[in-house]
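Following: one structure in structure tokens, then a few remarks.
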Amino acid sequence: MPPIAALVSALAAAAVLAGCASAPAAAPAQPAARYIVVRHAEKASDDPRDPDLSAAGRERAGRLAQRLREEPLRAVYVTAYRRTLQTGEPAARGHGLRPIVYDAKSPAADFAAQLRRERPAGATLVVGHSNTAPDIAAALCACAVEPMPDSEYDRRMIVDIDAHGRAALRIERDR
């Protein structure tokens, strides 16, 4: 084989082999925005309209704050009810934040749009109720979210939104 033909063959073989090599795996990208949506912790039976948290609820709120201590929280949203404030307050305090009160009766789609406008980056904790938290998470991710029974307090619905606006929902449990 003439030297030029051998060189062309060798270069072609090298190009084919280089194309087969796998690129190193890219590190997972941090989401542009993260919304952590929870229901308030367990409530006491002291006031049927606006109860405080029970002892178990205060413990759960403390565990939530511990879980979120490494999360770059930029805001904590709670409703006007004591149980949501008492659930979100430890996490807010741990990040030097004051909870922001939102209207629990606001339609989930409207509140989710507000969150995406006001908090387009970083992490935001939203504390709601069994009849609102799944709808808020669903509106944030544009996906189906299972309803929450009144007896459920341990679900964290984490919605990550990337720089292109694509949303992904992850469910975590605190047991």
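Answer with yes or no whether residue 10 is modelled with pLDDT under 95, hydrophobic (A, V, I, L, M, F, W, C) and loosely packed, with under 11 Cβ neighbours inside 10 Å. It would help to see each step written out before you state the result.
Details: modelled with pLDDT under 95: yes; hydrophobic (A, V, I, L, M, F, W, C): yes; loosely packed, with under 11 Cβ neighbours inside 10 Å: yes.
Yes, satisfied.
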Mind listing whichever residues of the stretch 29-82 are of a type in the set (A, V, I, L, M), touching a Lys or Arg at 6+ places or on another chain (Cβ under 9 Å) and in contact (Cβ under 8 Å) with a residue 60 or more places away in the chain? 33, 36, 37, 38, 41, 64
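Quick one: which of 100, 161 is surrounded by 14 or more Cβ atoms within 10 Å (Cβ to Cβ) and under 17 Å from residue 32 (Cβ atoms)?
Values: 100 fails: under 17 Å from residue 32 (Cβ atoms).
161 is the lone residue from the list that is surrounded by 14 or more Cβ atoms within 10 Å (Cβ to Cβ) and under 17 Å from residue 32 (Cβ atoms).
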Taking the stated definitions as given, is residue 103 in contact with a Phe, Trp or Tyr (Cβ under 9 Å, 6 or more places away or on another chain), of a type outside the set (Ser, Thr, Tyr), under 29 Å from residue 58 (Cβ atoms) and part of a loop (DSSP other than H, G, I, E, B)? yes
Which condition number does residue 156 fail, the rest of (1) basic (Lys, Arg); (2) surrounded by fewer than 19 Cβ atoms within 10 Å (Cβ to Cβ); (3) under 14 Å from the mean Cα position of the chain (by Cα) being met? (2)
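Yes or no, residue by residue, for (1) touching a Leu at 6+ places or on another chain (Cβ under 9 Å); (2) among the basic types (Lys, Arg); (3) under 22 Å from residue 53 (Cα atoms):
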| residue | (1), (2), (3) |
| --- | --- |
| 89 | no, no, yes |
| 93 | no, yes, yes |
| 98 | no, yes, yes |
| 121 | no, no, no |
Across the stretch 111-145, what is the number of residues that are out of contact with any strand residue (DSSP E or B) (no Cβ under 9 Å at 6 or more places or on another chain) and either within 13 Å of residue 36 (Cα to Cα) or surrounded by 18 or more Cβ atoms within 10 Å (Cβ to Cβ) (or both)? 1
Can you name the strands (runs of 3 or more DSSP E) wholly within the stretch 113-175 that have at least 1 residues being farther than 18 Å from residue 31 by Cβ, of a type outside the set (A, V, I, L, M, F, W, C) and in contact with a Gly (Cβ under 8 Å, 6 or more places away or on another chain)? none
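The values are calculated or read from the model by the stated rules, or taken from the named source; none is laboratory data. Computed from a predicted structure; not experimentally measured. A quick note on method: Cβ atoms are made from the backbone with ideal geometry, for glycine too, and the neighbour counts reach across all protein chains shown.
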